[in-house]
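So the structure is just underneath, and the comments pick up after that.
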Amino acid sequence: MRRREFIGWMGTAVLGLPRPGVSQTRIDLPLVAFLVPPKLDTKTAKDRISDIRKGLSQEGYIEGTNYSLMVQSSEGNPARVAEIARELAALNPRVFVVSGSGIDVIRKSFPETPLVFCSIAADPLALGWAQSYAHPGGMLTGNVMNAVGGEETMVQKRIGLFKQLVPDLTRIGMIASDVAVATLKEKDALGKVATELGFDLVHYRFKTADDLEGIFAAGHRDEVSAFYISGEPLLVASMARVVSLVTASRKPSVGPYPYWGRAGLLMSYATDPADGVRKAGAYAAKILKGAKPGDLPIEQASKFTLVINQKTANALGITVPPSLLALADEVIE
């Protein structure tokens with residue numbers, strides 16, 4: 001396993017009200033407001049905070065010297081973003097960095113404030129956020145997790161790799177809501193791949209994390225061969241709970257982002273959100289230096305990470321083919 005540096009983190013207070021483990025902002029410095037899906041006390045959130053600091057530092061910007069950083073979490077609940085936006089209004093951020101969901105709410109609440117987005121698998125042109133990838137115009141820019149070829153190409157590659165681990169795959173249970181646009185595209189792509197590769201797809205819908213126990217029980221009754229964990233923020237916010245249920249099911253599992261494979265799924269394959277957050281941090285620094293967001297090109301994913309969890313494979317009695325181990329970017333022992 002490639003070990004990543006852990007950097008301690010401190011957020012800043014909302015409306016000047018201190019919180020446990022949170023520091024006060026420097027009001028004389030420009031404020032970067034960073035919105036993430038996971039709860040702030042999780043390792044995933046702490047890693048993302050470290051990543052944005054790295055991106056800003058790549059442009060020579062140091063927290064406490066050149067800018068203040070304020071971090072908020074939607075906890076995977078899009079309804080919380082509107083509440084966060086109201087809190088942020090009093091702080092007058094100079095630039096927003098939004099990871100995952102919440103972009104539309106922040107964009108509409110602060111139409112004159114630059115916004116850098118990341119960790120999304122959607123087309124910003126189709127959503128009306130930008131004029132083009134090369135010259136987005138307006139106050140938004142950032143990076144997307146979509147590969148050239150779209151979601152179908154990415155899912156096809158992911159499942160093709162997964163079938164090398166689970167060659168007798170006959171029925172896969174996808175755990176996903178039917179609300180997020182990106183998730184619907186992921187489901188459609190998985191449906192096409194299922195038809196091409198000859199296995200059944202069962203979509204287990206959820207509205208809250210409390211639905212998860214029932215979903216895994218339904219998957220057991222339906223005799224699914226494996227579980228597919230979608231990449232939506234609510235599942236990320238409930239990662240520990242999801243992985244615990246996956247482990248208890250004793251079914252192979254696959255998900256999109258590297259942190260899922262590191263956390264305990266059998267395999268994950270996608271671009272690494274950490275890379276996107278670092279790039280977003282660099283863009284935030286450029287904007288603080290005077291760059292216009294509409295002049296900064298929207299970047300598409302070009303680097304992808306295959307994570308094989310050998311520990312999970314051993315627990316399931318699965319032998320990982322040497323050829324797949326050779327392809328893996330990370331092997332969790």
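Odds and ends about this structure:
- Set THR319, THR305: member being open to solvent by 60 Å² or more (accessible area, probe 1.4 Å) and β-branched (Val, Ile, Thr): THR319
- Qualifying residue in segment 49-59 (condition: crowded, with 22+ Cβ neighbours inside 10 Å, under 17 Å from ALA284 (Cα atoms) and in contact with a Lys or Arg (Cβ under 6 Å, 6 or more places away or on another chain)): yes
- Scan segment 131-144 for residues that are open to solvent by 20 Å² or more (accessible area, probe 1.4 Å) and touching a Pro at 6+ places or on another chain (Cβ under 9 Å) and the total you get is 6.
- Here ARG26 does not fit the description of being at pLDDT 95 or above, open to solvent by 20 Å² or more (accessible area, probe 1.4 Å) and of a type in the set (Lys, Arg).
- In segment 231-257, the residues that are open to solvent by less than 40 Å² (accessible area, probe 1.4 Å) and in a helix (DSSP H, G or I): PRO233, LEU234, LEU235, VAL236, ALA237, MET239, VAL242, VAL243, LEU245, VAL246, SER249
- Among the residues of segment 216-230, the ones that are open to solvent by less than 10 Å² (accessible area, probe 1.4 Å), at pLDDT 95 or above, small (Gly, Ala, Ser) and outside any helix (DSSP H, G or I) come to 1 in all.
The rows are residues; the columns are (1) over 14 Å from ALA284 (Cα atoms); (2) free of Cβ contacts under 8 Å to residues at least 12 places away in the same chain; (3) outside any loop (DSSP other than H, G, I, E, B).
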site: ALA33; (1), (2), (3): no, no, yes
site: ASP47; (1), (2), (3): yes, no, yes
site: GLU87; (1), (2), (3): yes, no, yes
site: PRO93; (1), (2), (3): no, no, no
site: THR113; (1), (2), (3): no, no, no
site: PRO124; (1), (2), (3): yes, no, no
site: GLY128; (1), (2), (3): yes, yes, no
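- Any hit, segment 247-263, residues being of a type in the set (Lys, Arg), closer than 21 Å to LEU190 by Cα and at pLDDT 95 or above: yes
- Options PRO93, PRO124, PRO37, PRO18: the member that is modelled with pLDDT under 85 and open to solvent by less than 50 Å² (accessible area, probe 1.4 Å): PRO37
Each row is one residue, and each column tells you yes or no for (1) β-branched (Val, Ile, Thr); (2) part of a helix (DSSP H, G or I); (3) modelled with pLDDT of 95 or more.
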residue: ALA274; (1), (2), (3): no, yes, no
residue: TYR283; (1), (2), (3): no, yes, yes
residue: LYS286; (1), (2), (3): no, yes, yes
residue: ALA315; (1), (2), (3): no, yes, yes
residue: VAL331; (1), (2), (3): yes, no, yes
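- Residues that are at pLDDT below 90, in a helix (DSSP H, G or I) and within 22 Å of GLY264 (Cβ to Cβ) within segment 186-215 comprise GLU186, ALA209, listed in sequence order.
- Of all residues making up segment 264-284, the number that are surrounded by fewer than 24 Cβ atoms within 10 Å (Cβ to Cβ) and either in contact with a Leu (Cβ under 6 Å, 6 or more places away or on another chain) or within 18 Å of SER302 (Cβ to Cβ) (or both): 6
- Each residue in segment 169-193 was checked for being buried (at least 17 other Cβ atoms within 10 Å of the Cβ) and either without any contact (Cβ under 8 Å) to a residue 24 or more places away in the chain or polar (S, T, N, Q) (or both), and 2 pass.
The values are calculated or read from the model by the stated rules, or taken from the named source; none is laboratory data. From a predicted model like this one, the values you see are computed outputs, not experimental measurements. FYI the Cβ positions are ideal-geometry reconstructions off the backbone, even for glycines, and counts take in every protein chain you see. Note: areas computed on protein heavy atoms with side chains; ligands, DNA, RNA excluded. Shrake-Rupley method; radii C 1.70, N 1.55, O 1.52, S 1.80 Å.
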